[in-house]
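Undergrad: Got a structure for you, questions after.
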Amino acid sequence: MIADKSLREFVETAKDANLSYNHDGKERWHRLAKQVAKALAKKLGLRNGEYDIRYNRGGIAVSGETYLHADWIYVQLDISCLGAHMGFMYRSCKGQTDYTGGQNRWMQWDELLDLDRAAAKLAECRGAA
């Protein structure tokens, strides 16, 4: 599970930071993103082998992405070029090879501060694809 302090750091960085040209900050944020993705997987009742967590470092001009991908949910944690106000994208999917899935949905970063509530919102995707 992720510590509250680390979760707050992750959310504040996502809302505020320009990690594009900050190698050390970007690496720290992605380590935290992996912890957040694992915590969400656990809250969603996913067991090891039922989901995948991937990381795309990206180039120097972008934040890169961390993905949580299970048979029914796809979550992309990245700092969008559209601005942090967009939050992060998630959608339903039909398996771990479905990269287009259902309609894109967005959740505000602050909603992650209550992982139970965030997981409940993500769980609405179950059976929606």
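The values are calculated or read from the model by the stated rules, or taken from the named source; none is laboratory data. What you are looking at is a predicted structure, and each value in this text was computed from that prediction instead of being measured. All Cβ positions, glycine included, derive from the backbone under ideal geometry; neighbour counts span all protein chains shown.
Undergrad: If we keep just the residues of the stretch 35-64 that are closer than 25 Å to G127 by Cα and of a type in the set (D, E, K, R), which is surrounded by the fewest Cβ atoms within 10 Å (Cβ to Cβ)? I'd like the intermediate steps shown before the answer.
TA: As a first pass, look at the stretch 35-64 and keep what is closer than 25 Å to G127 by Cα: 36-54.
So of that shortlist, the ones also of a type in the set (D, E, K, R) come out as 38, 42-43, 47, 50, 52, 54.
Working: K38: 17, K42: 15, K43: 17, R47: 9, E50: 13, D52: 12, R54: 12.
By that ranking, first place goes to R47.
Undergrad: Ok, one more. Among the residues of the stretch 1-18, write down those that are surrounded by 17 or more Cβ atoms within 10 Å (Cβ to Cβ) and either of a type in the set (D, E, K, R) or touching an Asp or Glu at 6+ places or on another chain (Cβ under 7 Å) (or both).
TA: Hit for the stretch 1-18 is V11, nothing else.
Here's the yes/no breakdown for (1) in contact (Cβ under 8 Å) with a residue 60 or more places away in the chain; (2) among the basic types (K, R); (3) on the phi > 0 side of the Ramachandran plot:
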residue	(1), (2), (3)
G101	no, no, yes
N104	no, no, no
L112	yes, no, no
E124	no, no, no
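Undergrad: Okay, moving on. Of the residues Y21, Y90, which is over 22 Å from D116 (Cα atoms) and either out of contact with any Asp or Glu (no Cβ under 9 Å at 6 or more places or on another chain) or surrounded by fewer than 17 Cβ atoms within 10 Å (Cβ to Cβ) (or both)?
TA: Y21
Undergrad: Go through the stretch 29-61 residue by residue and tally those that are in a helix (DSSP H, G or I) and in contact with a helix residue (DSSP H, G or I) (Cβ under 8 Å, 6 or more places away or on another chain).
TA: Start the filter on the stretch 29-61 by keeping residues that are in a helix (DSSP H, G or I), which leaves 29-43.
Add one more test, that the residue is in contact with a helix residue (DSSP H, G or I) (Cβ under 8 Å, 6 or more places away or on another chain), and what stays is 29, 32-33, 35-36, 39-40, 43.
Final tally of qualifying residues: 8.
Undergrad: Taking the condition of being of a type in the set (D, E) and in a loop (DSSP other than H, G, I, E, B), how many residues in the stretch 62-78 meet it?
TA: Looking only at the stretch 62-78, we keep the residues that are of a type in the set (D, E), and these are 65, 71, 78.
Okay, now just the ones that are also in a loop (DSSP other than H, G, I, E, B), so 71.
Count: 1.
Undergrad: Out of the residues in the stretch 59-76 that are modelled with pLDDT under 95 and among the hydrophobic types (A, V, I, L, M, F, W, C), which is nearest to the chain's Cα centre (by Cα)?
TA: V62
Undergrad: Name the single residue that is farthest from the chain's Cα centre (by Cα) among those in the stretch 1-58 being more than 22 Å from W72 (Cβ to Cβ) and hydroxyl-bearing (S, T, Y).
TA: Only one residue fits best here, namely Y21.
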